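The structure appears right after this line, and notes come after that.
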Amino acid sequence: MQSQSLSRRTCTRTLGRGLVTPVLATAAPASAAQAADGINAHSGLKHLPEAARVRALDRKANKFEKVKVEKCGSRAWTDVFELSRLLKEGNTKWEDLDLDDIDIRMKWAGLFHRGKRTPGKFMMRLKVPNGELDARQLRFLASAIAPYGADGCADITTRANIQLRGVTLADADAIIRGLWDVGLTSFQSGMDSVRNLTGNPIAGVDPHELIDTRPLLREMEAMLFNNGKGREEFANLPRKLNICISSTRDDFPHTHINDVGFEAVRRPDDGEVVFNVVVGGFFSIKRNVMSIPLGCSVTQDQLMPFTEALLRVFRDHGPRGDRQQTRLMWMVDAIGVEKFRQLLSEYMGGAELAPPVHVHHEGPWERRDVLGVHPQKQPGLNWVGACVPAGRLQAADFDEFARIAETYGDGTVRITCEENVIFTNVPDAKLPDMLAEPLFQRFKVNPGLLLRGLVSCTGNQFCGFGLAETKARAVKVVEMLEEQLELTRPVRIHFTGCPNSCGQAQQVGDIGLMGAPAKLDGKAVEGYKIFLGGKIGENPQLATEFAQGIPAVESHLVPKLKEILIKEFGAKEKETAVVV
Ligand code: SRM
Ligand code: SF4
């Protein structure tokens, strides 16, 4: 197996030992023609047509395009095994390795160097289509982080996914192989690739679903990522791409904020379930926008070829300049939906795309809360949703999930975009014993009206972009608010550490808190902006800014949030409350 540029700083040494092939020229090829000549067989230009090569080679192209031209991210899939081996041999330290490999390319293998907060340690992002995990997978995840002691924890993410923490590069090969053994992968979970595919967290057991999203998402995952081993031709998109399938009026996976949303609808003429397509939803520091209709629907048979074609169109026609202007919506803006549809049809070999299906619903639909005990569509069986505060998990939690899922349910769990866990197929008779399990003292099935809607991104505990700590503070603040206030309705509070808004604060939360600068007693301190009015479900709406410069200390944050909860959400001060 050939590997390149594993260690730019130690290339002479590694070459001397014959471990790696010569380091690539670091300058990008001067022209598309040069690139086409095969100047760089492992270049990220390999699968790009001429026009896209020119865009990628443009002098103004962003740093990431340059890194990709030099060596395709898909090389990370093989490099990671070489790097693990080098590090295990003991003569090389991670500090000696090529920074572009460590800080950028490894992300294609799902390894995110947490260099700013925990140098030498990596976050490993998995792919969990539809958020479904079985007991064997859960036990493997426990075993992967347990050796790291206090450094090893995990998070359920806002894309119903798992991220492992504390991982070293030396161990990465063994973890990747272990993931493959249990049918999971970390490949293509980062950089310019498709993110975790999300669907209905109660798919298959939901009395209101139009279609079970799990087999569709599993098939899509296998197709897009070559059964977890990585698909090179989709490794060099202009930017990340979020895809989801929604199968109920609740829109659990948030089609409005995904680059590509498939909305299941029943065709009135023949009763077939097809998918209206919406595109372009995304958040970034510069722009937050909800998706727009693409003006077509696809049948179940068309879903995979359509998705494949969409990726090729984005790859070949998407912008590759200013990185803040490379998400799918920027391409839609540039070419228009009509041309986009036309290209899709061409890339599908001339397939005809039907118009969208008009759906008429009688009356409004309140988005369901999946926490708690709920009867499934299968008589006598239930799903049980439990709240994982801010999504943080320890190794032992995975083992407990596995044991409980096997003892009372069907041996699987679902994790949700709200960072919680669901056990499915629990018979009525087993509910009392299950609910008495100690796990549910910590991960409550009936949490308070704020905790149940709490979502938080990673924040500056691990994330280098973080302007504020999020998870621990979010849980503490919400506990204090629940102690002090009488609430009449659930309020979804989303914390996010910076304007990238991974915690969807600025958009999705009833109340959103976003890490931002603040001042306290004239000194710069961590703080938050506050956003209000995000709506999800059938009539989504992005939030708007309400306040800024709120110091991130409980003595400021709690009174401010109390004021908002009382004025805007009908909360009342508890008579017995101990006021902070
Ligand atoms: Fe995110 C970058 C964490 C969901 C928008 N996101 C990052 C990085 C990788 C930055 C970094 O290298 O440190 C963060 C890793 C921190 C860490 O150590 O965990 C990070 N994003 C997360 C997660 C873990 C937040 C969470 O706690 O759940 C989510 C992982 C999802 C997954 O499983 O794949 C996560 N990120 C999101 C979402 C929400 C969503 O998808 O619904 C968004 C907004 C929606 C969107 O993308 O349109 C989001 N993350 C970003 C952005 C801004 C993207 C842009 O176009 O500018 C960045 C920055 C970037 O990509 O350059 C970013
Ligand atoms: Fe990091 Fe910012 Fe995303 Fe939070 S919102 S995980 S701080 S990039």
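Okay, here's what the table says:
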item	result
Given (1) among the charged types (D, E, K, R); (2) surrounded by 22 or more Cβ atoms within 10 Å (Cβ to Cβ); (3) farther than 23 Å from Pro540 by Cα, index of the condition Glu482 fails	(2)
Those residues of the stretch 490-501 which are farther than 15 Å from Lys560 by Cβ and either near ligand 2 (Cβ under 9 Å from one of its atoms) or touching a strand residue (DSSP E or B) at 6+ places or on another chain (Cβ under 8 Å) (or both), in sequence order	Arg492, His494, Thr496, Gly497, Cys498, Pro499, Asn500, Ser501
Criterion: modelled with pLDDT under 85 and assigned to a helix (DSSP H, G or I) - qualifying residue of Thr78, Thr21, Thr14	Thr14
Residues of the stretch 492-532 classified as touching a His at 6+ places or on another chain (Cβ under 6 Å) and among the small types (Gly, Ala, Ser), total	4
Some residue of the stretch 76-93 being free of Cβ contacts under 8 Å to residues at least 40 places away in the same chain, within 21 Å of Leu237 (Cβ to Cβ) and not assigned by TED's automatic domain parsing to the domain that holds Arg231	yes
Which listed residue is within 15 Å of ligand 2 (Cβ to nearest atom) and out of contact with any Phe, Trp or Tyr (no Cβ under 6 Å at 6 or more places or on another chain), from Leu467, Leu487	Leu467
Scan of the stretch 135-163 for residues that are acidic (Asp, Glu) and either in contact with a Leu (Cβ under 7 Å, 6 or more places away or on another chain) or outside any helix (DSSP H, G or I) (or both), ordered by number	Asp155
Members of the stretch 483-528 that are of a type in the set (Val, Ile, Thr), under 18 Å from the mean Cα position of the chain (by Cα) and at pLDDT 95 or above	Thr496
Strands (runs of 3 or more DSSP E) wholly inside the stretch 502-570 containing at least 2 residues that are in contact with a strand residue (DSSP E or B) (Cβ under 7 Å, 6 or more places away or on another chain), within 16 Å of ligand 2 (Cβ to nearest atom) and among the hydrophobic types (A, V, I, L, M, F, W, C)	511-520, 523-532
Residue in the stretch 448-464 that is within 10 Å of ligand 2 (Cβ to nearest atom), on the phi < 0 side of the Ramachandran plot, modelled with pLDDT under 95 and buried (at least 24 other Cβ atoms within 10 Å of the Cβ) present	no
Matching residues, the stretch 373-399, being among the aromatic types (Phe, Trp, Tyr) and out of contact with any helix residue (DSSP H, G or I) (no Cβ under 7 Å at 6 or more places or on another chain)	Trp383
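Yes/no per residue for (1) away from ligand 1 (no atom under 12 Å from the Cβ); (2) in contact with a Cys (Cβ under 6 Å, 6 or more places away or on another chain); (3) within 19 Å of Glu554 (Cα to Cα):
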{"site": "Phe440", "(1), (2), (3)": "yes, no, no"}
{"site": "Lys444", "(1), (2), (3)": "yes, yes, no"}
{"site": "Pro447", "(1), (2), (3)": "yes, yes, no"}
{"site": "Ser456", "(1), (2), (3)": "no, no, yes"}
{"site": "Asn460", "(1), (2), (3)": "no, no, yes"}
{"site": "Phe465", "(1), (2), (3)": "no, yes, no"}
{"site": "Arg473", "(1), (2), (3)": "yes, no, yes"}
{"site": "Glu479", "(1), (2), (3)": "yes, no, yes"}
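A quick yes/no check of all residues on (1) in a loop (DSSP other than H, G, I, E, B); (2) closer than 24 Å to Cys387 by Cα:
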site	(1), (2)
Ser189	yes, no
Asn200	yes, yes
Asp206	yes, yes
Leu210	yes, no
Arg214	no, yes
Leu217	no, no
Ala222	no, no
Leu237	yes, no
Ala264	no, no
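The values are calculated or read from the model by the stated rules, or taken from the named source; none is laboratory data. Values in this document were obtained by computation on a predicted structure and should not be read as measured data. Using ideal geometry, Cβ is built from the backbone for each residue, glycine included, and neighbour counts are taken over all protein chains shown.
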